[in-house]
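Asks: One structure, pasted below without further comment.
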Amino acid sequence: MLCKLLSLGLHGVTGYLVSAECDLSNGLPAFDVVGLPDAAVKEARERVRSAARNSGFSFPVSRITVNLAPAGLRKAGTVYDLPMLVGILCAGRQLPPPEEGAAFVGELSLSGEVRPVAGMLPMALAARAAGLRSLYVPAASAAEATLAGGLTVYPVENVAQLSAHLRGEAPIAPEPPWAPPAGEGRGPDFADVKGQEPVKRALEIAAAGGHNIAMVGPPGSGKSMLARRLPSILPDLTRREALEATQIHSVLGLTSREEPLLTRRPFRSPHHTISLMGLAGGGSPPRPGEISLAHNGVLFLDELPEFAKETLEVLRQPLEEGRVQISRVSGTEVFPSRFMLVCAMNPCKCGWYGHPSGRCRCTEAEVKRYLGRLSGPLLDRIDLYVEVPPLEFSELSARPAGEPSAAIKARVDAARQVQTARFGPQGPDCNAHMGPKELQTCCALDSQCQALMQGAYDRMGLTARSYDRILRVARTIADLEGAEAIQVPHLAEALQYRESPYLRR
């Protein structure tokens, strides 16, 4: 007796359709799972057997073969427990076959409870793309599955509940579509920051155009505090961006029943001891790293020179292409990684180089060695450099709070709306992602700007990449000012953000 059920699997951060073929035949009792299963899938035999018995079913005493097709793709995880159990019981005629166009996903406990699984959203999106109509998933993962839309999602608590539903005795109520709660806060606010107005201006420009930014200054000047408030002024996630980012978090099990969808842009701040694979991704099978978890959000690297040099160098390709490619013997995975890079660093090992107090005790050789950990190609990919000076006592003791994030965000949103109207739905998301075609049409310079740019190019030793990045920043400044074309003040301000004097050594 043969029963075929549909299930779903994960390949990187995308889902795909899996056919679970369950066959009961004569012969010595055995339970074999084929189709390139990993250890977790093979161990499903014991979970399925115990769950069936503890849920009131008699487990078939026969030769059981379960094939997970396509057999050429490696099957990993515990998502196939539920389809295996239902398929075996349907093949043994202890349960009626489910309706056409239904898929089953879930991990089983020995008592028959259905436990949540990682990667529910990409699997649900694959089910919708394949034209399926209904999806049976763990109750704790049902809210996430509804985000795909176009599917009837049945939340399953345990095997007994599912069997009653399939028999028509007690139908399971479909999970309603998840909606974010109203009145959610935006986290830390710029109103908490006293002083540092030039730095706030630079962060506003970075947020408006999606530019990379580096902050250089002594310890305690507020670099980390300012960076952690950057998400509060970034534009809200679109539905497409939220689904893209949530898929990556879902695969790594970082979503929850209460918050299945990312409603705010990700802010990832890995420690400087992170490994190369932890930052870029890797392993077997390859899994996303921090730069993919920051997709459509912010990657904050505090104490930038303390990171291992080979770890930082992996950022070069993602910063240009918006994706990272992980190649292994078993295959190649491509993970999205379009993020804003925000860096904070001290000018030297002790952090006080150039301070008027003269408290820095680093030698010139030590300063050069400390800053030499940062390669030129990586620094060339940062759009804005801004100094964060130490605050004076008068600034710290002042009562008035700074400008709130809501006011800054309003200006950022207005600039992003200008960019969306300029590029259209098929164009770049923001100025930082402009290609050569957009640069030529949207960043044309008049004669005065050309003369200013030529002088800066020769004097500052700019590269072709930094030239393009200056134009993108100038375009963002013009958008914030509501100007149709780039003017001399916009270009001059973009040039002053190009490089910190500490890094010209």
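The values are calculated or read from the model by the stated rules, or taken from the named source; none is laboratory data. Values in this document were obtained by computation on a predicted structure and should not be read as measured data. We place every Cβ from the backbone using ideal geometry, glycine too, and count neighbours over all the protein chains shown. Accessible surface areas use protein heavy atoms only, side chains included; no ligands, DNA or RNA. Shrake-Rupley method; radii C 1.70, N 1.55, O 1.52, S 1.80 Å.
Asks: Filter region 151-170 for residues that are part of a loop (DSSP other than H, G, I, E, B) and touching a strand residue (DSSP E or B) at 6+ places or on another chain (Cβ under 8 Å); which is most open to solvent (accessible area, probe 1.4 Å)? Steps first, please.
Replies: Start the filter on region 151-170 by keeping residues that are part of a loop (DSSP other than H, G, I, E, B), which leaves 151, 157, 167-170.
Now restrict to residues that are touching a strand residue (DSSP E or B) at 6+ places or on another chain (Cβ under 8 Å): 151, 157.
Working: Leu151: 33, Glu157: 92 Å².
Step by step, filter region 151-170, then rank; the result is Glu157.
Asks: Are any of the residues in region 195-211 of a type outside the set (Asp, Glu), touching a Phe, Trp or Tyr at 6+ places or on another chain (Cβ under 7 Å) and touching a residue at least 24 places away in the same chain (Cβ under 8 Å)?
Replies: Residues of region 195-211 that are of a type outside the set (Asp, Glu), as a first pass: 195-196, 198-203, 205-211.
After this cut, where a residue has to be touching a Phe, Trp or Tyr at 6+ places or on another chain (Cβ under 7 Å) as well, the list is 200, 202.
This time we only want the ones that are touching a residue at least 24 places away in the same chain (Cβ under 8 Å), so: 200, 202.
Within region 195-211, one or more residues are of a type outside the set (Asp, Glu), touching a Phe, Trp or Tyr at 6+ places or on another chain (Cβ under 7 Å) and touching a residue at least 24 places away in the same chain (Cβ under 8 Å).
Asks: Report yes if Val488 is under 30 Å from Tyr370 (Cβ atoms) and β-branched (Val, Ile, Thr), otherwise no. Spell out how you get there, then give the answer.
Replies: On the way: under 30 Å from Tyr370 (Cβ atoms): no; β-branched (Val, Ile, Thr): yes.
No; evaluated as a whole, the condition is false for this residue.
Asks: Here's something else I'd like to know. Pick out the one residue from Ser232, Ser221 that is among the hydroxyl-bearing types (Ser, Thr, Tyr) and farther than 30 Å from Val418 by Cβ.
Replies: Selected residue: Ser221, the only one of Ser232, Ser221 that is among the hydroxyl-bearing types (Ser, Thr, Tyr) and farther than 30 Å from Val418 by Cβ.
Asks: Something else about it: Would you be able to say whether some residue in region 150-173 is touching a residue at least 60 places away in the same chain (Cβ under 8 Å) and either touching a Cys at 6+ places or on another chain (Cβ under 7 Å) or under 20 Å from Ala242 (Cβ atoms) (or both)?
Replies: no
Asks: Sticking with this one: Is at least one residue of region 457-467 touching a Phe, Trp or Tyr at 6+ places or on another chain (Cβ under 8 Å), modelled with pLDDT of 90 or more and more than 22 Å from Arg229 (Cβ to Cβ)? Before the answer, list the steps.
Replies: Our first condition is that a residue be touching a Phe, Trp or Tyr at 6+ places or on another chain (Cβ under 8 Å); within region 457-467, this holds for 457, 467.
Of the ones still in play, those that are also modelled with pLDDT of 90 or more are 467.
Filter once more, so that each one left must be more than 22 Å from Arg229 (Cβ to Cβ): 467.
Yes, because at least one residue in region 457-467 is touching a Phe, Trp or Tyr at 6+ places or on another chain (Cβ under 8 Å), modelled with pLDDT of 90 or more and more than 22 Å from Arg229 (Cβ to Cβ).
Asks: A further question on this structure: Examine region 111-133 for a residue that is assigned to a loop (DSSP other than H, G, I, E, B) and of a type in the set (Ser, Thr, Tyr), and state whether such a residue exists. Talk me through it step by step, then tell me what you get.
Replies: Taking region 111-133 and keeping what is assigned to a loop (DSSP other than H, G, I, E, B), we get 111-112, 116-119, 130-133.
After this cut, where a residue has to be of a type in the set (Ser, Thr, Tyr) as well, the list is 111.
Looking for residues that are assigned to a loop (DSSP other than H, G, I, E, B) and of a type in the set (Ser, Thr, Tyr), one finds at least one in region 111-133, hence yes.
Asks: Here's another thing I want to ask about it. Does region 270-280 contain any residue that is open to solvent by 40 Å² or more (accessible area, probe 1.4 Å), of a type in the set (A, V, I, L, M) and either free of Cβ contacts under 8 Å to residues at least 60 places away in the same chain or not in a strand (DSSP E or B) (or both)?
Replies: Yes; the residues of region 270-280 include at least one that is open to solvent by 40 Å² or more (accessible area, probe 1.4 Å), of a type in the set (A, V, I, L, M) and either free of Cβ contacts under 8 Å to residues at least 60 places away in the same chain or not in a strand (DSSP E or B) (or both).
Asks: When both residues are 6+ apart or on different chains and their Cβ atoms are under 7 Å apart, which pairs have a first residue that lies in region 471-483 and is within 14 Å of Met453 (Cβ to Cβ), and a second that is of a type in the set (Gly, Ala, Ser) and surrounded by fewer than 24 Cβ atoms within 10 Å (Cβ to Cβ)?
Replies: These pairs meet every condition: Arg472/Ala432.
Asks: With respect to Arg53, determine if the residue is touching a residue at least 12 places away in the same chain (Cβ under 8 Å) and open to solvent by 30 Å² or more (accessible area, probe 1.4 Å).
Replies: When the stated conditions are applied, Arg53 does not pass them.
Asks: Taking the residues in region 121-149 that are more than 22 Å from His165 (Cα to Cα) and touching a residue at least 60 places away in the same chain (Cβ under 8 Å) as candidates, determine which candidate is most open to solvent (accessible area, probe 1.4 Å).
Replies: That would be Ala130.
Asks: Look through Leu10, Leu24, Leu6 and report the one residue that is out of contact with any Asp or Glu (no Cβ under 9 Å at 6 or more places or on another chain), aliphatic (A, V, I, L, M) and at pLDDT 95 or above.
Replies: When all the criteria are applied, what remains is Leu6.
Asks: Does Val412 qualify as being at pLDDT 90 or above, outside any helix (DSSP H, G or I) and either touching a Phe, Trp or Tyr at 6+ places or on another chain (Cβ under 6 Å) or under 29 Å from Met345 (Cβ atoms) (or both)?
Replies: no
Asks: Another question, then. From the list Leu378, Leu341, Leu319, which one is closer than 27 Å to Arg469 by Cβ, open to solvent by less than 10 Å² (accessible area, probe 1.4 Å) and not in a strand (DSSP E or B)?
Replies: Unique residue meeting the criteria: Leu378.
Asks: Follow-up question, since we're still on this one. Search region 344-355 for residues being in a loop (DSSP other than H, G, I, E, B) and either open to solvent by 10 Å² or more (accessible area, probe 1.4 Å) or under 14 Å from Gly222 (Cα atoms) (or both), and hand back the single one that is modelled with the highest pLDDT.
Replies: Within region 344-355, the subset in a loop (DSSP other than H, G, I, E, B) is 346-355.
Next, only the ones that are either open to solvent by 10 Å² or more (accessible area, probe 1.4 Å) or under 14 Å from Gly222 (Cα atoms) (or both) stay: 346, 349-355.
Values: Asn346: 88, Lys349: 84, Cys350: 81, Gly351: 76, Trp352: 78, Tyr353: 78, Gly354: 71, His355: 74.
Checking each candidate, the answer is Asn346.
Asks: Restricting attention to region 84-120, and to residues there that are under 15 Å from Ser250 (Cβ atoms) and of a type in the set (A, V, I, L, M), which single residue is surrounded by the fewest Cβ atoms within 10 Å (Cβ to Cβ)?
Replies: Among those residues, the one meeting the criterion is Ala118.
Asks: Looking only at region 322-338, count every residue that is open to solvent by 30 Å² or more (accessible area, probe 1.4 Å) and either part of a loop (DSSP other than H, G, I, E, B) or touching a residue at least 60 places away in the same chain (Cβ under 8 Å) (or both) and tell me the total.
Replies: Going through region 322-338 one residue at a time, the tally reaches 5.
Asks: From the list Pro98, Pro29, which one is more than 34 Å from the chain's Cα centre (by Cα) and within 17 Å of Val137 (Cα to Cα)?
Replies: Unique residue meeting the criteria: Pro98.
Asks: Could you go through region 61-82 and let me know if any residue there is over 28 Å from Glu144 (Cα atoms), modelled with pLDDT of 90 or more and open to solvent by 50 Å² or more (accessible area, probe 1.4 Å).
Replies: Within region 61-82, one or more residues are over 28 Å from Glu144 (Cα atoms), modelled with pLDDT of 90 or more and open to solvent by 50 Å² or more (accessible area, probe 1.4 Å).
Asks: Right, another one. Across region 433-482, what is the number of residues that are of a type in the set (Gly, Ala, Ser) and either in contact with a Pro (Cβ under 9 Å, 6 or more places away or on another chain) or open to solvent by less than 20 Å² (accessible area, probe 1.4 Å) (or both)? Talk me through it step by step, then tell me what you get.
Replies: Step one: filter region 433-482 for residues of a type in the set (Gly, Ala, Ser), giving 435, 444, 447, 451, 455-456, 461, 464, 466, 474, 478, 482.
This time we only want the ones that are either in contact with a Pro (Cβ under 9 Å, 6 or more places away or on another chain) or open to solvent by less than 20 Å² (accessible area, probe 1.4 Å) (or both), so: 435, 456, 466, 474, 478.
Going through region 433-482 one residue at a time, the tally reaches 5.
Asks: Could you please let me know if Glu259 is within 27 Å of Ser466 (Cα to Cα) and of a type in the set (D, E, K, R)?
Replies: Judged against the criteria, Glu259 is not a match.
Asks: Check whether at least one residue in region 247-269 is open to solvent by 30 Å² or more (accessible area, probe 1.4 Å), among the hydrophobic types (A, V, I, L, M, F, W, C) and modelled with pLDDT of 95 or more, and report yes or no. Show your work before the answer.
Replies: In the first step, residues of region 247-269 are kept if they are open to solvent by 30 Å² or more (accessible area, probe 1.4 Å); the result is 247, 252-259, 262-265, 267-269.
This time we only want the ones that are among the hydrophobic types (A, V, I, L, M, F, W, C), so: 252, 254, 262, 267.
Narrowing further to those that are modelled with pLDDT of 95 or more: 267.
Within region 247-269 (the criterion being open to solvent by 30 Å² or more (accessible area, probe 1.4 Å), among the hydrophobic types (A, V, I, L, M, F, W, C) and modelled with pLDDT of 95 or more), the answer is yes, since at least one residue qualifies.
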